[in-house]
1. Filter the range 6-20 down to residues that are within 16 Å of Gly63 (Cα to Cα), touching an Asp or Glu at 6+ places or on another chain (Cβ under 7 Å) and assigned to a loop (DSSP other than H, G, I, E, B), then give me how many there are.
2. Output the residue which, of all residues in the range 21-72 that are assigned to a loop (DSSP other than H, G, I, E, B) and of a type in the set (D, E, K, R), is most open to solvent (accessible area, probe 1.4 Å).
3. Could you list all residues from the range 26-47 that are among the aliphatic types (A, V, I, L, M) and over 19 Å from Asn142 (Cβ atoms)?
4. Would you pick out the residues in the range 86-127 that are farther than 26 Å from Ser36 by Cβ, small (Gly, Ala, Ser) and either touching a residue at least 60 places away in the same chain (Cβ under 8 Å) or not in a helix (DSSP H, G or I) (or both)?
5. Which one of these is in contact (Cβ under 8 Å) with a residue 24 or more places away in the chain and acidic (Asp, Glu): Asp132, Asp145?
6. Restricting the range 128-175 to residues that are under 11 Å from Ile10 (Cβ atoms) and in a loop (DSSP other than H, G, I, E, B), which is most open to solvent (accessible area, probe 1.4 Å)?
7. Can you tell me how many residues within the range 111-144 are of a type in the set (Gly, Ala, Ser), more than 19 Å from Leu227 (Cα to Cα) and out of contact with any helix residue (DSSP H, G or I) (no Cβ under 6 Å at 6 or more places or on another chain)?
8. Which pairs do you get when a residue that is assigned to a loop (DSSP other than H, G, I, E, B), found in the range 73-85, comes within reach of a residue that is surrounded by 12 or more Cβ atoms within 10 Å (Cβ to Cβ), reach meaning Cβ atoms under 9 angstrom, with the pair 6+ apart or on two chains?
Amino acid sequence: MANKILSVFIDESGDFGKYDPKSPYYYVSMVLHDQSVDISSEIENLEQRVSNYGFPHHAIHVGPIIRREKIYENELMENRKSLFNALFHFTRRAGIYYLCAKINKAECEDNELSYIAKISRAISDELKDHIDFFNSYDLIINYYDYGQSNLTKIITSVFTALFNHVELRKVQPADYKLFQVADLICTMELTKDKADKNALSNSEIEFFGSARDFKKNIYKQIEKKKLNK
């Protein structure tokens, strides 16, 4: 019998810097794909759509799309929404799930070690809540871009402490659509927390509409992909 393999694509939103009330949370998203579930047609469709919009072999970055930053600064709203919707609908349709660990940096001592401890515990708690799911696999392969060295160490430490068969692989974001989904998840969880506080930015309101619109039209669909206990 072939081994059961789970791919886990990991991305983060936030940093290990000092607490800032404007961005108090740190998020770690984990997009889960059972490698026996074929999503190749969905990936090909997404790649074709993104290429048709003028971005061949492109890593979609959701935050800059919303804020019209970096490569998207000269793109019209219509084009930016097309890119977002391509990744959003891919996420809805693909046979994947996600988990998202979150900490409030205001609850930590304002130093790196405190953040490391809190984030490690938050990720560990998410994994333990679904321990039977993860233990049903023979191999867990974590994909991360090594964007933050501290998070790279945390991922390695937490997963190897809980599971026997774990690998960590470095990714190039443009090469893996599910890593881009992990970026989407972080941004959607952050936006949802802001929407709950009626604290959406002008860019977010322009892009999504009201907080109610965002939660009804976008987050409600994304939340369906969250792995149930």
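1. Here the count works out to 0.
2. Here is the first cut: in the range 21-72, the ones assigned to a loop (DSSP other than H, G, I, E, B) are 21-24, 35-39, 53-61, 68-69.
Filter again for of a type in the set (D, E, K, R), leaving 22, 38, 68-69.
Details: Lys22: 186, Asp38: 114, Arg68: 107, Glu69: 68 Å².
Looking at the filtered set, the residue picked out is Lys22.
3. To start, the set of residues in the range 26-47 that are among the aliphatic types (A, V, I, L, M) comprises 28, 30-32, 37, 39, 43, 46.
Correct list: Ile43, Leu46.
4. Pass one, the range 86-127, residues farther than 26 Å from Ser36 by Cβ: 102-122, 124-125.
Imposing the further condition that a residue be small (Gly, Ala, Ser) reduces the set to 106, 114, 117, 120, 122, 124.
Within the range 86-127, Ala106, Ala122 qualify.
5. Values: Asp132 fails: in contact (Cβ under 8 Å) with a residue 24 or more places away in the chain.
Only one candidate passes the filter, namely Asp145.
6. Tyr146
7. Taking the range 111-144 and keeping what is of a type in the set (Gly, Ala, Ser), we get 114, 117, 120, 122, 124, 136.
Those left that are additionally more than 19 Å from Leu227 (Cα to Cα): 114, 117, 120.
Next, from what is left, pick out any that are out of contact with any helix residue (DSSP H, G or I) (no Cβ under 6 Å at 6 or more places or on another chain): 114, 117.
Of the residues in that region, 2 qualify.
8. Final answer for the pair search is Glu73/Pro64; Asn74/Arg68; Glu75/Ile65; Glu75/Arg68; Glu75/Leu83.
The values are calculated or read from the model by the stated rules, or taken from the named source; none is laboratory data. Just so it is clear, the model here is predicted, and its values are computed rather than measured. Because the Cβ atoms are built from the backbone with ideal geometry, glycine has one as well, and the counts that use them run over all protein chains shown. Surface accessibility is based on the protein's heavy atoms, side chains included, excluding ligands, DNA and RNA. Shrake-Rupley method; radii C 1.70, N 1.55, O 1.52, S 1.80 Å.
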